[in-house]
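Q: First the structure, which I've put down as structure tokens, then a few questions once you've had a look.
The values are calculated or read from the model by the stated rules, or taken from the named source; none is laboratory data. Since the model is a prediction, treat every value here as computed from it, not as a measurement. A quick note on method: Cβ atoms are made from the backbone with ideal geometry, for glycine too, and the neighbour counts reach across all protein chains shown.
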């Protein structure tokens, strides 16, 4: 008897009905708790417990935020890579899954989840299983010390830069685990290449930032960003141009990106360390690579391009014009604001829908209304974002930080579309014969310049 009404429900009804029952039950529990006085006492107990364990709560929130940030970041960069490379090849790229193909990378992620998780015969199963986890966690843990905006970071350490290089170096351990445990000669060759490449380029990568550390006098990434505040002339890229170039080249090799992607060269060793992997375990390697692209771009911005700092401080201009959005008191508008919220959205939705309805004759009016509603929400979201950006320093800093970071992400993608892969002997020779001497020379010149300037000022 119960199954027949349930079968008659539409898919939307089958989703909304249980949600309605749950919401009704929660409402009854809430009203009962308020009337009996249990809920206020429970809330006060929860508040006291959270206040007593604030560091633990902050750690849980920061770890959850970092884990939730990594996968969407990988999806965005994957879509960006497919679209940019397609445009550079005079193709359209993804254009079927969602508007402009924006869901293509998400569907690729679901496709990886649907694949069979195969373990080859002869593999060391525990090591084979843990290898992608080690590689992915090395990338995720690097997020903890990256300052995204003023006050928006997981952990501010005095040795943040040292922590970054220490944790980031764990990725090569995971690659060696994957290559050795796969029981495949191509996987082992890719792992050995990864070890040789990453260890070789780790030295100039680390030495290139020593000049920045000497100028800043600290290893805290948050403090390094603060010392670049002001205008773009205060950024360390103008004081350490050679270090910035060395860092970017070495970071490209560290991230196994073209033209230094010898660890998974498909024309030579199939897929390198990932040859025997499939399913979600391959997905971990796949996501870790794109997360590393974002991390290396973010660290480049943090060390050399001012982090979240804007190129110019426009706050005095906004204050002089009297147009600072933070000065708007939304609460003082009262009933007028409530009426506007009820009347303006339908009117704007219809006005935005009319051009689409008149220009595209095949569109029905309700379809045009849907497009108008989406346009209205986009405009409201943009207006709220602009208001929040000029009202809160953290929002403005986050926008500047992400904008600079994704410029470098696009450069990484651009390099993949244009540059050929180098030979392994050219790769190693370039690190030891060119980057290492250049980084040492930059280090000595920086130290000498600091001594000379201190002597002149003294």
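Q: Tell me which of these residue 122 doesn't satisfy, since it passes every other one: (1) buried (at least 18 other Cβ atoms within 10 Å of the Cβ); (2) over 14 Å from residue 284 (Cα atoms).
A: (1)
Q: Kindly establish whether residue 396 is more than 27 Å from residue 225 (Cα to Cα), touching a residue at least 24 places away in the same chain (Cβ under 8 Å) and touching a helix residue (DSSP H, G or I) at 6+ places or on another chain (Cβ under 7 Å).
A: no
Q: For segment 425-437, which positions are touching a residue at least 12 places away in the same chain (Cβ under 8 Å) and surrounded by fewer than 17 Cβ atoms within 10 Å (Cβ to Cβ)?
A: Across segment 425-437, the qualifying residue is only 432.
Q: Answer yes or no: is there a residue in segment 156-163 that is under 21 Å from residue 294 (Cα atoms), in contact (Cβ under 8 Å) with a residue 12 or more places away in the chain, in contact with a helix residue (DSSP H, G or I) (Cβ under 6 Å, 6 or more places away or on another chain) and not in a helix (DSSP H, G or I).
A: Yes, segment 156-163 contains at least one residue that is under 21 Å from residue 294 (Cα atoms), in contact (Cβ under 8 Å) with a residue 12 or more places away in the chain, in contact with a helix residue (DSSP H, G or I) (Cβ under 6 Å, 6 or more places away or on another chain) and not in a helix (DSSP H, G or I).
Residues checked against (1) under 23 Å from residue 298 (Cβ atoms); (2) assigned to a loop (DSSP other than H, G, I, E, B); (3) touching a strand residue (DSSP E or B) at 6+ places or on another chain (Cβ under 8 Å):
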{"site": "180", "(1), (2), (3)": "no, no, no"}
{"site": "183", "(1), (2), (3)": "no, yes, no"}
{"site": "190", "(1), (2), (3)": "no, no, no"}
{"site": "204", "(1), (2), (3)": "yes, no, no"}
{"site": "215", "(1), (2), (3)": "yes, no, no"}
{"site": "222", "(1), (2), (3)": "yes, no, no"}
{"site": "257", "(1), (2), (3)": "yes, yes, no"}
{"site": "260", "(1), (2), (3)": "yes, yes, no"}
{"site": "263", "(1), (2), (3)": "yes, no, no"}
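Q: Here's a follow-up. For residue 401, indicate whether it is within 21 Å of the chain's Cα centre (by Cα) and in the same structural domain as residue 152 (by TED's automatic domain parsing).
A: Values: within 21 Å of the chain's Cα centre (by Cα): yes; in the same structural domain as residue 152 (by TED's automatic domain parsing): yes.
Criteria met by residue 401.
Q: Determine whether residue 440 is surrounded by fewer than 18 Cβ atoms within 10 Å (Cβ to Cβ), without any contact (Cβ under 8 Å) to a residue 60 or more places away in the chain and either under 30 Å from the mean Cα position of the chain (by Cα) or part of a helix (DSSP H, G or I) (or both).
A: no
Q: Also: Scan segment 129-139 for residues that are in contact (Cβ under 8 Å) with a residue 60 or more places away in the chain and surrounded by fewer than 19 Cβ atoms within 10 Å (Cβ to Cβ) and jot them down.
A: 129, 133
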